[in-house]
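In what follows, a single structure is set out as structure tokens and then discussed.
The values are calculated or read from the model by the stated rules, or taken from the named source; none is laboratory data. All of these numbers come straight from a predicted model, not from anything done at the bench. Every residue, glycine as well, gets a Cβ built from its backbone with ideal geometry; the counts of neighbours run over all protein chains shown. Side chains are part of the model used for accessible areas, which takes the heavy atoms of the whole protein and leaves out ligands, DNA and RNA. Shrake-Rupley method; radii C 1.70, N 1.55, O 1.52, S 1.80 Å.
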Amino acid sequence: MAAAVVGHLTGSAATCPNGFVNFGDGNEDVCIFFFRAKDTWHGMKSSCQLLGSDLATLTGNLHTKVIEYINDQPAEDLRDETFWIGGTDEVMDGTWRWTHDNSQIPLGTPHWYPCNRHEEPDGGTSQNFLCLPNPKFYFHSCDGNAKYMGICQIFPCIMSFLMWVLVMICTSRSFVNNFSIKISIANYAMDRDVAWTWYIKATGKFTNIFIS
């Protein structure tokens with residue numbers, strides 16, 4: 001099902017990992033995962049990172065595309081939910097930034113509800129994390145302890161780092177001789193999607209690397 005949706009959006013289903021939806025424009029892939037298991041903001045950020053991604057940065061037209069995709073899903077699946085994304089003003093209250101690159105998030109139109117600065121963000125120090133509540137899915141400041149679904153996004157720098165780690169593991173004799181790393185990707189169903197949990201263990205002697 002996910003592959004069919006990706007193909008519908010971009011015609012390039014194979015360019016995003018299984019379970020991710022490609023919101024790219026055909027020239028650049030934008031791989032998004034809707035994490036249906038609910039968690040706090042920090043918990044969801046960790047879950048996204050286990051997938052080789054991070055909480056999403058919804059700038060420009062990508063925010064609109066995500067809203068349209070959510071509204072196309074059954075109400076019992078995504079449309080009635082609230083989602084964590086990767087914005088916070090936890091470091092300095094009132095200054096909102098995307099966590100993956102620390103870039104500042106402009107306030108007001110067109111992303112914040114209700115497209116002006118009179119209502120959102122309005123939570124002060126009690127609501128320092130960005131969420132997309134139904135039914136409009138505009139930006140809201142939310143309590144980070146609330147448990148919502150999450151929107152994860154793969155950023156090129158994250159995937160490049162993971163590939164570098166795997167190359168080092170497979171090619172470096174000194175690394176191999178000094179570490180035992182077991183990487184297990186456990187596939188488990190959450191509704192109709194698949195998530196991956198990575199288990200990494202170092203012991204002092206290289207044994208094997210496998211995917212199960």
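Here's the yes/no breakdown for (1) in a helix (DSSP H, G or I); (2) in contact (Cβ under 8 Å) with a residue 40 or more places away in the chain:
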| residue | (1), (2) |
| --- | --- |
| Lys38 | no, yes |
| Lys45 | yes, yes |
| Leu58 | no, yes |
| Glu68 | yes, no |
| Gln73 | no, no |
| Leu78 | yes, yes |
| Ile85 | no, yes |
| Asp93 | no, no |
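What number of residues within segment 62-110 are farther than 22 Å from Asp39 by Cβ, in contact with a helix residue (DSSP H, G or I) (Cβ under 7 Å, 6 or more places away or on another chain) and open to solvent by 80 Å² or more (accessible area, probe 1.4 Å)? The number of residues fulfilling the criteria is 1.
For every residue, the table says whether it meets (1) basic (Lys, Arg); (2) within 23 Å of Tyr148 (Cα to Cα); (3) modelled with pLDDT under 95.
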{"position": "Ala2", "(1), (2), (3)": "no, yes, yes"}
{"position": "Cys16", "(1), (2), (3)": "no, no, yes"}
{"position": "Asp25", "(1), (2), (3)": "no, no, yes"}
{"position": "Asp29", "(1), (2), (3)": "no, no, yes"}
{"position": "Asp54", "(1), (2), (3)": "no, yes, no"}
